[in-house]
Each structure stands twice: as C-alpha cells, then as structure tokens.
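The structure appears below as structure tokens.
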Amino acid sequence: MDPTRYSMIAGAGVLVFLLATVLNDIILPPEKPALSRMLRVLGTSTMLSFGLGMLSGGMQHFADLPYRCAVLIPLGILLSFVAYFLKEDKTPWRRIFGLMGLAVLIVAALTFAGLRHVAPTMAEQPGGHSHGDVVTEKGSAEGHDGGHGSGTADPTSEPTAPTKDTQPSEEPGHEGGHHH
C-alpha cells in the first residue's frame, strides 16, 4: 500500500465530507449556529469521516491486509458511532455509554474476533483486491499460478515486471483503477 496515495485519498474524502457538512449544517439552515456548535459539528464530522473511511476501506481491502483490516473495521464502527452521537444528540453520553453503546461495543468486539479468526485463511489465499497485480494486455493474470507453472518461459511474451526506474503509477497493468 502506498501511504502517500492513500493519505491524499483520505484527505480528499475528509475535505469533501467537511464541505458537505459546512453547506448542510452551517450555510443552509435559516439560523446560524453558535461558534461552539460549529466547531463541534466540524470536529465530529471529521471523526465520522475517518470512522466511515476505516470501515469501508477495511472491508474493501480485507483480502489484501486481513490482520490490519480486522482492527480497522471494528474501530471504524466504534468511531462512527461515537462521532454520530456527539454530533447529533443533545445528550450523547447517555447513548454512547447506555444500552445502545453497549450493543455497538459487543458488535465491534464480535466483528474483531470473527475477522481475526478468518484472517489467517485469507492471508494464505492468493488474489484479493491488490492494486499491484500485474495483468497482461489480454486480461489474463500471468504469474498468478501460485508457483505451479511449467517452469518454461514463453519466448514471444515480453516481461511484465516493472524496471527499477519505473514509477508505481506507471506499472504495466496498473491504470489507477480497481480491477475486479
């Protein structure tokens, strides 16, 4: 995973989320909220954005990074829950530390336990949602036979591995999108 790339994606996601929050909660309402309410809304919206990003990114990349995502998904659930009630509820602590909070905590703990149980089997399987898979022009995934190939090279095919000076965004078969 490219930390710079995903940091830029996360930053763009937070920015879009905050712009929508400013428009929806600060600009459009007939009565403008107090400064303390504006700061609370912006802070909790940032928390909610990160929580939802952890949850959706963890689910999307679980096949690639199962152990990391087994932590991200339940933390995303908890962070999103807390941020939502801090933003929307007049008495958030009652909800967060009440029966509903306990239920969300149990769901997050069960999610963590279940994903940690499944993670070892995911780590052993090839494939997944990797952004670095090499795909040939014909769309076949050469080199994904798990080391069970014939051992002979096809003299008519050109190598698909990147050279030392190739940038990650210029890797063959990597157009910057998701391949499913």
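Worth pointing out:
- Counted residue by residue at 0.36 nm each, then reduced by the alpha carbon distance between them, the extension gain from residue 32 to residue 71 reaches 10.2 nm.
- Charged-residue dipole, Cβ positions (Lys, Arg, Asp, Glu), region 55-100 about Cα centre, Debye nearest 20: 200
- As a fraction of the 1.4 Å probe accessible area of region 20-126, surface on carbon and sulfur atoms comes out at 71 percent.
- With R₀ fixed at 30 Å, the C-beta to C-beta distance from residue 1 to residue 113 puts the FRET efficiency at about 0.75.
- Rounded to the nearest 10 Å², the accessible area of residue 100 at probe 1.4 Å: 90
- Point-to-point label distance, residue 12-residue 106, nm (Cα→Cβ direction, 7 Å offset): 4.1
- Residue-count net charge about residue 85 - beta-carbon cut-off 14 Å; Lys, Arg +1, Asp, Glu -1: +3
- Prolate/oblate/rounded label for region 15-129 (Cα gyration tensor, a/c 1.5): oblate
The values are calculated or read from the model by the stated rules, or taken from the named source; none is laboratory data. Here the structure is a predicted model, which means the values were calculated and not measured. Positions of Cβ are generated from backbone atoms using ideal geometry, with glycine treated the same way; all protein chains shown enter the neighbour counts. Calculation scope for accessible area: heavy atoms of the full protein, side chains included, ligands and nucleic acids excluded. Shrake-Rupley method; radii C 1.70, N 1.55, O 1.52, S 1.80 Å.
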